[in-house]
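> Here it is, the structure, as structure tokens.
The values are calculated or read from the model by the stated rules, or taken from the named source; none is laboratory data. All of these numbers come straight from a predicted model, not from anything done at the bench. Every residue, glycine among them, receives a Cβ derived from its backbone with ideal geometry; neighbour counts consider all protein chains shown. These area figures cover heavy atoms from the full protein model, side chains too; ligands, DNA and RNA do not enter into them. Shrake-Rupley method; radii C 1.70, N 1.55, O 1.52, S 1.80 Å.
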Amino acid sequence: LAAASVAMAAQAKWTTPTTENKQFTYAMHFTLPGVTKFAAFVGSSLVVQSRYSPNAVHAYNYANPTQALSETLLPGEDNTIWSMSANGSLSGNSPSFGALHWWSPTAPHPPTQIATSEKNTWFSVEAAIGSHALIIKGAPLHGKVEFHIVDFAKNGSVLRRTIVRGSSLQCTSANDSRNKRRLSHDGETVFLLCPKDGALYFWSRHIKRIVRKVALPRPQGQGEDDSYGHYDMACSRDGKKAFIVGSNGDLWELNLMLDRNHHRALRPRGESGRAPTKSTPTVQVSDDGRYVLTLIERELDWDGEISDVFAIQVWKLGQSDPVFETSLPYAQPGKPPAAISGDGSFFLAGTAVW
């Protein structure tokens, strides 16, 4: 891209896209046992990791979930799953002394170890999608940090690795805990969500620099001097759209195919005037790019008693209101997982499947 592309520009224009009329009606389908730590829809399977037995991962036929189809036992302790797709899954142990493993989410084959932390170093997975991962590797005693963008084959071997040193993959406000990095589905673009900068940056893996900047939309109810709050972002599988959710529930769509002066987004659709919360929201997109699932933390007043809940909404593009919404009590440690099936016909929040 030319240097002019990096000079970046102005405020986004908000428009509402259109889509087909097909719409699903959601109802409670089944409830998973235990407390869910991770869940994802992979083909016709729902793959689940329990918080209380994190080394056992089960795959269910979500249309007829009478029993688990398979079980995968992950090695070590305190495993975290970062990415899952039909090509394979990436998981690992504690970043300070653990290992990364690659394994099939729907077949009970032993996981393959693909990396281990070295002496006086640590690693963590910042973002992962499909067969691509952004791994941060550091040596705290020497103050050095590297970013590794890695593409994996189905057997877990590394097809390609890009190593980035220095500050090119960091926000201007590098120490803001709200900063996030997200990968495109092809692993070629890193998106830097930088609330303090008020910006979303596009970093190109090919030329190893930022090539585009988009002003982050400010949530409703925020003055010019107020914090932007927390954000999350997800991309459609075809790479044409990105969806951004604010921690007050506002939802925007960004057309990634248009040039920087004409990008489009959904108008804010959260509760007018609601200030962003301090928790990080979640956004998931169906594989066909037509359904979007959001999960945010809210406070409800039950006759004077304030309760924390997680609010779930399913949006269909082209409609001004959610096609489904419900709430989950704040009844488990950490934020509950959320996932939506490839065609948007099923979704999971916490342990419940609709």
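> Quick one: what are the phi-derived ³J(HN,Hα) couplings along segment 63-80, Karplus 6.51/-1.76/1.60 with θ = phi - 60°, whole Hz, x for glycine and proline?
6, 9, x, 6, 7, 5, 7, 7, 9, 10, 9, 8, x, x, 10, 6, 6, 10
> Another question about this same structure. In nanometres, what is the gap between the two model label sites at Asp308 and Asp321, each 7 Å from Cα along Cα-to-Cβ?
Distance between the two pseudo-spin positions: 3.0 nm.
> Past 22 Å, Cα to Cα: identify those pairs from Lys213/Lys240; Lys241/Lys316; Lys208/Lys335; Lys37/Lys180; Lys144/Lys180; Lys180/Lys241, in the order given. Please report the intermediate quantities before stating the final value.
Numbers: Lys213/Lys240 16 Å; Lys241/Lys316 14 Å; Lys208/Lys335 33 Å; Lys37/Lys180 20 Å; Lys144/Lys180 19 Å; Lys180/Lys241 18 Å.
The answer is Lys208/Lys335.
> Here is a further query. For the residue pair Asn64 and Asp78, what label-to-label distance in nm results when each label sits 7 Å from Cα along the Cα-to-beta-carbon direction?
Placing both labels 7 Å along Cα→Cβ, they lie 4.2 nm apart.
> Kindly write out, for segment 203-218 in residue order, the coupling ³J(HN,Hα) from the Karplus curve 6.51 cos²θ - 1.76 cosθ + 1.60 (θ = phi - 60°), rounded to whole Hz, with x marking Gly and Pro.
3J(HN,Hα) across segment 203-218, in whole Hz: 10, 8, 5, 5, 10, 6, 7, 6, 10, 7, 9, 10, 5, 5, x, 7.
> Over all directions, average the projected area of the Cα convex hull of segment 156-217 and note it in nm². Present the calculation step by step, with values, prior to reporting the outcome.
Values: hull surface 20.1 nm².
Average projection, Cα convex hull of segment 156-217: 5.0 nm².
> Taking loop as defined by DSSP and a crowding limit of 16 other beta carbons within 10 Å, which trypsin sites (Lys or Arg not before Pro) in segment 20-73 fit? Before the final figure, lay out the partial values.
Numbers: sites: Lys22, Lys37, Arg51; in loops: Lys22, Arg51.
Here the trypsin sites (Lys or Arg not before Pro) that fit, given the DSSP loop and packing criteria, are Lys22, Arg51.
> Report, by chain and number, residues whose modeled amide H sits under 5 Å from the one on Leu69, excluding near sequence neighbours (fewer than 5 apart, same chain).
HN-HN under 5 Å from Leu69: Ala59, Tyr60, Asn61.
> Find how much the distance from Thr25 to Ser157 grows on full extension, using 0.36 nm per residue of separation minus their present alpha carbon separation; answer in nm with one decimal.
Working: separation 132, 0.36 × 132 = 47.52 nm, distance 4.16 nm.
Gain on stretching Thr25 to Ser157: 43.4 nm.
> Would you check the accessible area of Glu126, probe 1.4 Å, heavy atoms only, in square angstrom rounded to 10?
50 Å²
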